[in-house]
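Undergrad: Take a look at this one; I'll ask things after.
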Amino acid sequence: MTYAFRVDDDKNLEHLYWGPKIPNYDDLLYLTKSHVAGPFDPVGSVPAISVAKLLGLNELTGIDTGAADKWKVFTKQKDAEDGDTRGRRLENASWRLWNMERHTGGDLSVDVSESKLRSSLKMDRHASSASSRDNSPPPPLPSSLPLDASFLDSDSDQKLSNISGKGHATRTVERAQGSLGTDNTARTAVGMLPVKSVGDFTDFGKYAGARPGVTSPGPTSPALGPRRELGTVTGSSFGDIHGVVEMAWQNLDSTHVGKNTKLLEWSDSGTGDYREPSFKLRFQKDGSAICPLQFKNHSVVHRKLMMPSTSLPTVYTDSPEEASTLIIEMEDPVSKLKFMLYYTVMHDYDIIIRRTTVINEGSDPVVLEHLSSGMVDFDAEHSYYVTQLSGGWARERQVVTRKLEDGVTVVKSVRGTSSHQFNPFVVVSPDREPSEDDGECFGFCLVYSGNFSVTAEVSEYKRLRMNIGINQEMFSWRLDSVHGENNIFYSPEVIMSYSKTGLGTLSRDMHRLIRERLVPRQWRYKVPPVLLNTWEAVYFDFKHETIVDIAVAAKKANVEMLVLDDGWFGKRNDTTTSLGDWYPNREKLPYGLNGLVRAVNEAGLKFGIWIEPEMVSMDSDLYRAHPDWCLFVPQRKHTLGRNQLVLDFARKEVVDYMYKQIEKILNSANIEYVKWDMNRHLTEMFSRNIPAERQGEISHRFILGVYSMFKRLTTKFKEVRFESCSGGGGRFDAGMLAFTSQIWTSDNTDAMSRMNIQYGTSLAYPLSTMGAHVSVVPNHQTGRSATMKTRSLLAMCGTFGYELDPRVWDGDTIEEIQGYVKLFKRLSNLIYEGDLYRLWSPFRTTSMAWMVVSRDQLRAIVFAFKVTREVGRLEPRLKLRGIREDLLYCVEELCPGTVTMNPQNGAIMHDPRGVYQIGKRIDVSGRTLMSAGLPVKFLFDGDSVCYEVNAVDKNGISLIRL
Ligand code: DGJ
């Protein structure tokens with residue numbers, strides 16, 4: 001992709017472009033002019049349309065109407081006159097040429113000569129001769145154009161030149177799409193000038209007008225700015241018209257072309273841009289909120305800059321060469337407030353990561369009221385669509401797409417977590433709803449787990465502004481003066497991704513980055529053990545022996561780890577008590593945690609444990625000892641959720657205490673896995689010990705406290721795998737994934753519900769991060785039933801585990817489960833590391849299908865599920881994606897069904913030999929699989945099909961080298 005912006009004359013950052021990769025020798029400045037609604041003044045008093053004046057059409061000065069109407073009056077007059085169309089023809093021709101050269105890819109470095117204009121006039125006459133019958137010879141060209149060198153050196157051009165001369169007229173953040181390397185060689189290889197570019201950042205201004213094969217003008221001198229490239233001034237009078245028109249646009253009065261009509265990269269409020277700003281603040285000295293920023297400086301470093309002194313999660317790199325970072329310094333010269341905008345290009349991913357830091361270098365405190373991690377202005381389109389992931393408890397991340405209308409659309413959380421209701425991930429698609437395989441998509445994924453907002457504003461011009469970051473609602477942050485301790489604020493990172501081939505590519509790019517550069521290093525590519533979680537098996541009702549019996553029974557089916565869920569600590573037997581008392585419940589676990597873990601280990605299973613450290617029950621020793629450690633406002637009622645209160649993680653002593661409790665537990669026994677839960681949202685966001693003027697900081701400080709504890713625990717217990725959870729998938733976000741390689745996707749374990757939930761989640765997050773378990777039927781959340789096959793195949797598209805009570809498994813069930821565990825083991829690397837191709841959306845059809853393809857395209861696994869079957873309707877053929885057209889693949893159906901239908905009477909029958917869709921195996925080309933597809937037949941709601949696809953040679957021998 002290419003991403004471009006520039007510094008304009010007022011030192012704003014003006015956004016130019018985000019889209020497919022384009023050549024970096026193109027001068028994109030024309031984009032700043034093409035759509036701007038400027039005045040139409042044929043006289044040239046505002047020199048926007050100065051051609052008429054230049055051509056000597058002074059008649060217009062006599063027309064006494066408003067400027068905009070003059071041209072109409074003039075042309076009518078002309079039409080009524082005696083066929084003298086010279087002026088208009090010349091005018092039209094000159095505009096046509098100008099437009100042609102400027103907008104349709106004409107070569108601006110070539111002299112636009114008089115003869116060219118003459119031939120254009122001829123064409124013009126030919127075109128119009130039929131109607132005008134005007135056979136007069138071409139008119140003489142005007143020869144008295146007011147052009148001299150000083151004209152081009154006029155003020156605004158000079159400014160541009162100066163900026164360009166310093167090397168920062170225009171910046172691009174780009175990546176050579178499709179090529180593996182992103183160094184200069186790679187870019188040269190895709191046909192670009194061998195320019196002296198800085199990492200992945202290119203200064204367009206320096207190379208304005210340059211073309212392949214033409215010597216680059218090199219760094220521009222202040223006196224000879226890039227605008228000189230627009231036309232050749234020597235000799236040709238017509239070339240001068242380019243200059244004049246160009247300068248005229250350049251000089252448009254800012255009352256006509258103010259900030260509100262510009263595409264910006266960063267925007268203040270209260271100084272003429274009436275759209276959603278990227279930041280808001282208030283100066284404490286005088287209460288004013290005006291802070292227009294100016295570009296001050298930039299630098300490029302050849303690595304990803306990490307944020308110092310904050311626990312905010314970030315994307316990381318394995319080596320400095322993987323990334324380059326452009327740092328833009330903006331300042332308010334009056335207050336000495338500094339904004340640092342960071343743009344990191346991840347060279348091996350088609351991804352840009354943005355974030356912002358604010359530093360108060362002034363002598364008075366400032367309160368930050370809003371700060372985006374990134375803002376992007378999109379130019380006008382006929383329409384824009386936003387796709388979001390929203391829902392609620394037990395139906396998280398449903399795919400919702402809406403057409404944006406004029407005004408502001410907000411996707412947000414004020415719950416203290418990213419929430420079940422909305423997710424900090426959105427996709428923008430111009431002109432149409434996003435499709436899987438084609439069309440443009442722009443993705444934003446915030447690396448943050450607290451209150452967030454994504455605002456999408458369609459302006460009066462049909463332009464779209466996107467802002468993403470911490471939610472400004474219930475947020476403020478006081479920046480001390482330069483003399484104080486807290487004069488810096490860091491925004492979270494936002495991952496930005498672009499695809500011109502639909503949502504599928506966008507998701508795959510996101511997945512790869514999250515899998516390889518966000519989840520903790522030690523867990524990348526490591527498939528977790530198949531676990532059994534006790535929650536739905538026994539809830540709170542267990543004791544030592546119960547858990548040991550469960551472990552012994554689970555082992556028979558080759559389950560590898562037992563996770564003891566809620567209810568093992570304090571006096572906890574239901575939700576009313578004991579959160580905060582993190583020591584074993586002696587009545588249930590008389591041998592302590594260590595005794596239990598040893599027994600489970602002896603049964604041959606690893607051991608994992610559930611915790612909920614951010615919470616406290618009013619009926620707990622912790623609350624009795626520290627009633628002021630929860631979030632509450634003195635003298636006001638506490639709002640309970642699930643019978644519990646939220647601990648004040650904005651306070652260091654609370655986090656430190658809780659860290660020690662959990663550290664003690666993890667040290668007390670051989671615990672290899674932790675499920676960190678969080679079962680209610682934040683209310684009464686007030687913190688004791690924090691001064692009144694900082695109370696707006698609580699929600700952000702809370703999540704920083706959570707992150708800091710995650711950081712300490714995951715650093716100290718590197719070998720312990722963490723899973724996060726928040727009443728199911730209430731905190732499924734990129735922030736959490738930086739600490740926990742997996743997240744419990746939803747408390748809804750019903751297979752049919754999971755089809756939607758897992759599908760929606762996959763828009764942003766990889767399958768490897770989705771906690772997914774087989775649970776009992778009828779399902780505890782929905783009362784529905786699905787076969788073991790369907791439940792297992794769906795759970796396999798995630799971390800794979802069980803929420804069942806294995807003590808009731810009979811021999812057949814054990815054998816069946818053994819089979820699925822074995823299958824998962826065989827396929828898990830492919831599922832965890834391969835590329836996901838979504839085939840059927842449950843949000844658009846009544847089925848769900850996807851496939852995972854190995855990076856070398858030699859292997860694939862295909863899953864198709866029926867949500868609700870309609871009698872008498874056939875499924876379309878399932879057209880595969882992502883494999884190679886030119887290879888032959890062997891397709892085998894895995895876990896064939898055992899249900900069939902008696903064709904005589906329609907009765908459902910059981911056939912233990914297996915019921916296959918297309919026989920046991922077919923060998924067919926990738927081209928056919930993707931064009932003609934595979935047949936799929938579903939017999940009942942929740943039915944499923946699974947195909948394994950492996951590349952073979954013409955003799956049917958596998959091409960896969962294991
Ligand atoms: C909510 C989680 O999502 C469940 O899996 C379970 O751990 C319960 N909390 C326990 O209270």
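Undergrad: Quick one: which residue in Thr317, Thr310, Thr409 is at pLDDT below 95, hydroxyl-bearing (Ser, Thr, Tyr) and touching a strand residue (DSSP E or B) at 6+ places or on another chain (Cβ under 7 Å)?
TA: Only one candidate passes the filter, namely Thr310.
Undergrad: For segment 653-671, give me each residue that is within 36 Å of the chain's Cα centre (by Cα) and part of a loop (DSSP other than H, G, I, E, B).
TA: Ile671
Undergrad: Okay, moving on. With the requirement that a residue be over 24 Å from Ser746 (Cβ atoms), surrounded by fewer than 17 Cβ atoms within 10 Å (Cβ to Cβ) and within 35 Å of the chain's Cα centre (by Cα), what does segment 635-652 give you?
TA: Listed by number, the residues that qualify are Thr639, Lys652.
Undergrad: So which of Asp747, Asp733 ends up being under 21 Å from Gly469 (Cα atoms) and charged (D, E, K, R)?
TA: Details: Asp747 fails: under 21 Å from Gly469 (Cα atoms).
Going through Asp747, Asp733 in turn, just one is under 21 Å from Gly469 (Cα atoms) and charged (D, E, K, R): Asp733.
Undergrad: Further question on the same structure: Does Glu885 satisfy the criteria of being of a type in the set (D, E, K, R) and in contact with a helix residue (DSSP H, G or I) (Cβ under 7 Å, 6 or more places away or on another chain)?
TA: Here the answer is yes, as Glu885 does meet what is asked.
Undergrad: Please find, among Lys920, Lys866, the residue that is surrounded by 15 or more Cβ atoms within 10 Å (Cβ to Cβ) and within 21 Å of Lys789 (Cβ to Cβ).
TA: Lys866
Undergrad: Sticking with this structure for a sec: Restricting the first residue to segment 406-418 and requiring it to be among the acidic types (Asp, Glu), which pairs with a second residue that is in a strand (DSSP E or B) meet a Cβ separation below 8 Å and a spacing of at least six or different chains?
TA: Filtered contacts from segment 406-418: Asp406/Val458.
Undergrad: If you don't mind, another one. Six or more apart or on different chains, Cβ atoms under 6 Å: show the pairs whose first residue is in segment 885-910 and closer than 14 Å to Asp943 by Cα and whose second is of a type outside the set (A, V, I, L, M, F, W, C) and surrounded by fewer than 11 Cβ atoms within 10 Å (Cβ to Cβ).
TA: Listed by first residue and then by second, the contacts come to Thr898/His910; Thr898/Pro912.
Matching residues to (1) part of a loop (DSSP other than H, G, I, E, B); (2) modelled with pLDDT of 85 or more:
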| residue | (1), (2) |
| --- | --- |
| Pro876 | yes, yes |
| Cys890 | no, yes |
| Glu893 | no, yes |
| Thr898 | no, yes |
| Pro903 | yes, no |
| Gly906 | yes, no |
| Asp911 | no, yes |
| Ile922 | no, yes |
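Undergrad: I would also like to ask the following. Give, as residue ranges, the strands (runs of 3 or more DSSP E) completely inside segment 530-627 that count at least 2 residues that are within 15 Å of the ligand (Cβ to nearest atom), closer than 20 Å to Gly771 by Cα and out of contact with any Pro (no Cβ under 9 Å at 6 or more places or on another chain).
TA: Fully inside segment 530-627 and qualifying: 531-533, 561-564, 606-611.
Undergrad: Next up: When you go through (1) farther than 18 Å from Cys895 by Cβ; (2) more than 16 Å from the ligand (Cβ to nearest atom); (3) touching a residue at least 60 places away in the same chain (Cβ under 8 Å) one by one for Glu803, which number turns out not to apply?
TA: The single condition Glu803 does not satisfy is (2).
Undergrad: Let me ask something else about it. Is there any pair linking a residue in segment 286-307 that is free of Cβ contacts under 8 Å to residues at least 12 places away in the same chain to one that is surrounded by 15 or more Cβ atoms within 10 Å (Cβ to Cβ), with Cβ under 9 Å and at least six apart or on different chains, and which?
TA: Within 9 Å, the pairs are Asp286/Asp364; Ser288/Arg282; Met306/Thr314; Met306/Tyr316.
Undergrad: Then there is this: Whether any residue in segment 433-443 is surrounded by 21 or more Cβ atoms within 10 Å (Cβ to Cβ) and within 27 Å of Phe739 (Cα to Cα) is what I want to check.
TA: Yes, segment 433-443 contains at least one residue that is surrounded by 21 or more Cβ atoms within 10 Å (Cβ to Cβ) and within 27 Å of Phe739 (Cα to Cα).
Undergrad: Next question. Working only within segment 794-826, note down all residues that are surrounded by fewer than 18 Cβ atoms within 10 Å (Cβ to Cβ), part of a loop (DSSP other than H, G, I, E, B) and small (Gly, Ala, Ser).
TA: Hits for segment 794-826: nothing passes.
Undergrad: Would you check if there is a residue in segment 438-456 being touching a residue at least 60 places away in the same chain (Cβ under 8 Å), assigned to a loop (DSSP other than H, G, I, E, B), over 30 Å from Gly705 (Cα atoms) and in contact with a helix residue (DSSP H, G or I) (Cβ under 7 Å, 6 or more places away or on another chain)?
TA: Yes.
Undergrad: Right, another one. What number goes with the only condition from (1) more than 23 Å from Val519 (Cα to Cα); (2) of a type in the set (Lys, Arg); (3) touching an Asp or Glu at 6+ places or on another chain (Cβ under 8 Å) that Lys675 does not pass?
TA: Going through the list (1) more than 23 Å from Val519 (Cα to Cα); (2) of a type in the set (Lys, Arg); (3) touching an Asp or Glu at 6+ places or on another chain (Cβ under 8 Å), Lys675 breaks only (1).
Undergrad: Looking at segment 530-551, I want the residues that are under 21 Å from Ile814 (Cα atoms) and have a partner that is within 13 Å of the ligand (Cβ to nearest atom) and among the small types (Gly, Ala, Ser) with Cβ atoms under 7 Å, at least 6 apart or on another chain. Which pairs are those?
TA: Final answer for the pair search is Val530/Gly801; Leu531/Gly608; Leu531/Gly801; Leu532/Gly801; Asn533/Gly801; Glu536/Ser775; Ile550/Ala537.
Undergrad: Restricting to segment 273-328, give me the number of residues that are under 17 Å from Asp348 (Cα atoms), of a type in the set (A, V, I, L, M, F, W, C) and outside any loop (DSSP other than H, G, I, E, B).
TA: 3
Undergrad: Output yes when any residue across segment 583-598 is in contact with a Ser or Thr (Cβ under 8 Å, 6 or more places away or on another chain), modelled with pLDDT of 95 or more, at positive phi and buried (at least 24 other Cβ atoms within 10 Å of the Cβ), and no when none is.
TA: Checking segment 583-598: not a single residue is in contact with a Ser or Thr (Cβ under 8 Å, 6 or more places away or on another chain), modelled with pLDDT of 95 or more, at positive phi and buried (at least 24 other Cβ atoms within 10 Å of the Cβ).
Undergrad: On to the next question. Give the residues of segment 510-544 that are under 21 Å from Lys822 (Cα atoms) and of a type in the set (Ser, Thr, Tyr), sorted by residue number.
TA: Scanning segment 510-544 gives a single hit, Tyr525.
Undergrad: Of the residues that sit in segment 308-335 and are free of Cβ contacts under 8 Å to residues at least 60 places away in the same chain and in contact with a Phe, Trp or Tyr (Cβ under 7 Å, 6 or more places away or on another chain), which one is surrounded by the most Cβ atoms within 10 Å (Cβ to Cβ)?
TA: My answer is Thr325.
The values are calculated or read from the model by the stated rules, or taken from the named source; none is laboratory data. This one's a predicted model, so the numbers in the text were calculated from it and none came from an experiment. Using ideal geometry, Cβ is built from the backbone for each residue, glycine included, and neighbour counts are taken over all protein chains shown.
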